[in-house]
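Engineer: One structure, as structure tokens, below. Some questions next.
What follows draws every value from the coordinates through simple rules; no lab data is involved. Computed from a predicted structure; not experimentally measured. Because the Cβ atoms are built from the backbone with ideal geometry, glycine has one as well, and the counts that use them run over all protein chains shown.
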Amino acid sequence: KTCLAVDIGGTKIAAALVKDSVIVTRVQISTPTSKEASALTVALTDLLTPLALKADHVAVASTGIINHGVLTALNPDNLGGLNHFPLHQVISEITQLPVVVINDAQAAAWFEYKALDQAVSDMAFITVSTGVGAGFVQKEILNTGTRGIAGHAGHMLADPNGPVCGCGRKGCVESIASGTAIGVAGQPFFGTDCDGETVYQHLLAGDKNAIAIVDRSASTIANLIADLTISLDLDIVVLGGSVGLASGYLARVKTYLERLPNIYVPDVIAASSGADAGLLGVALWAEQNIK
Ligand code: BMX
Ligand code: ZN
């Protein structure tokens with residue numbers, strides 16, 4: 001069977017034909033920055049129509065809360081303000097194929113879990129990217145949540161005096177640690193065009209302000225890992241996303257974790273499949289869950 005896998009993120013939408021867990025064809029576009037649902041429908045139609053002809057079913061991983069196929073943004077800022085979209089219905093109409101949809105970080109968690117080379121019962125995957133997402137495997141089962149919310153650990157409290165998050169709560173992990181937040185924190189030092197990558201370039205050049213901003217992100221993620229470990233009894237945490245996989249970031253997270261008592265410190269490893277974990281994970285998920 002050939003799966004048309006789709007990964008809808010805050011900055012890019014990727015689509016691929018996947019056969020036996022191998023990507024055969026892969027295409028990518030920028031996520032429309034419009035809060036009009038029609039912009040996303042048009043983009044998906046152009047992207048998916050040609051690929052659907054070669055597929056047996058469709059597996060979609062998307063940023064946002066996926067509640068029975070409907071996408072609701074927890075942080076609408078990550079989707080250009082779009083906060084409600086009937087993803088399952090729209091993609092069914094475009095492709096005329098069976099469709100499954102789950103959250104992007106949940107999908108990536110499933111791929112990373114299956115890719116582990118040791119027997120593990122409980123793991124968390126954390127992506128630090130446009131936002132901060134997570135997916136939990138508990139007793140060998142991916143927790144997608146009754147309402148699709150499970151895993152949204154990027155919106156746990158990191159600092160009650162922190163910035164207001166796009167979700168409306170003050171001081172979420174995401175509002176401090178995400179690539180977007182790193183970029184915003186860098187603007188007073190590096191100009192209004194500054195994004196996460198700009199800060200990272202300054203960090204690599206030894207800039208003190210950039211180091212402080214990335215360290216704040218890394219220590220926030222270390223505390224999140226500790227909180228998840230003590231609440232979910234984790235064997236291992238896998239860290240991914242463009243920031244999570246950036247040079248030296250994981251080492252910084254580990255430095256902060258090592259200051260904590262042992263019981264809070266799981267094994268922490270880098271994601272094995274960088275940018276494709278969502279695509280491959282949701283394709284694997286569909287094998288078991290397509291109706
Ligand atoms: C946000 C939230 C999560 C998502 C996470 C990572 C929205 C639109 N998204 O916390 O559902 O998993 O970002 O998303 O509310 P990414 O776009 O950074 O991969
Ligand atoms: Zn939030």
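Engineer: Given contacts defined as C-alpha pairs under 8 Å and at least six residues apart, what's the relative contact order of segment 213-291, whole-number percent? The partial results should precede the final answer.
Structural biologist: Details: 72 pairs, mean separation 28.8, N = 79.
RCO, segment 213-291: 36 percent.
Engineer: Counting other C-beta atoms within 10 Å, and keeping those with at most 13, which DSSP coil trypsin sites (Lys or Arg not before Pro) do you find in segment 124-190?
Structural biologist: In loop regions of segment 124-190 (DSSP not H, G, I, E or B), the sparsely surrounded trypsin sites (Lys or Arg not before Pro) are LYS139, ARG147.
Engineer: Which GluC sites (Glu not before Pro) from segment 186-291 combine a DSSP loop assignment with at most 14 other Cβ atoms within 10 Å?
Structural biologist: Hits after loop and neighbour filter: GLU258.
Engineer: If you keep only loop residues by DSSP, which trypsin sites (Lys or Arg not before Pro) in segment 21-111 have at most 15 other Cβ atoms within 10 Å of their Cβ?
Structural biologist: LYS35, LYS54
Engineer: May I ask you to derive the FRET efficiency for LYS114 and ARG147 from their Cβ-Cβ distance with R0 = 30 Å, giving the value to the nearest 0.05?
Structural biologist: 0.75
Engineer: Okay, next question. Could you please report the charge total around GLY278, scoring K, R as +1 and D, E as -1 over all other residues with beta-carbon less than 13 angstrom from its beta-carbon?
Structural biologist: Numbers: positive: LYS12, ARG26; negative: ASP7, ASP104, GLU112, ASP276.
It works out to a net charge of -2.
Engineer: Nearest 5 is fine: what % of DSSP beta bridges in segment 94-249 come out antiparallel, could you say?
Structural biologist: 65 percent
Engineer: Enumerate the amide H contacts of ASN103 below 5 Å, restricted to partners 5 or more residues apart or on another chain; note that Pro and chain-start residues carry no placed amide H.
Structural biologist: SER62, ILE66
Engineer: In addition: Per-residue ellipticity at 222 nm for the chain, helices alone: DSSP H runs ≥ 4 residues times -39500 (n - 2.57), over residue total, nearest 500 deg cm²/dmol? Show your work: numbers first, answer last.
Structural biologist: Details: 9 runs with 110 residues, N = 291.
Value at 222 nm, helices only: -12000 deg cm²/dmol.
Engineer: Let me ask you something else. Exposure proxy check: CYS3, CYS167 ranked by fewest other beta carbons within 10 Å?
Structural biologist: Details: CYS3 28, CYS167 19.
Taking fewest neighbouring Cβ atoms as first place, the list is CYS167, CYS3.
Engineer: Starting from 0 in steps of 10 Å, tell me what percent of the Cα-Cα pairs of the chain lands in each bin.
Structural biologist: Result, from short to long distances: 7, 30, 36, 21, 6, 0 percent.
Engineer: Could you give each residue of segment 28-39 its phi-based ³J(HN,Hα) in whole Hz, using Karplus coefficients 6.51, -1.76, 1.60 with θ = phi - 60°, and x for Gly or Pro?
Structural biologist: Residue by residue, segment 28-39 yields 8, 10, 7, 5, x, 9, 10, 8, 7, 4, 4, 5 Hz.
Engineer: Over 19 Å between Cα atoms, which of LYS54/LYS114; LYS170/LYS254; LYS114/LYS139 qualify?
Structural biologist: Exceeds cut-off: LYS54/LYS114; LYS170/LYS254.
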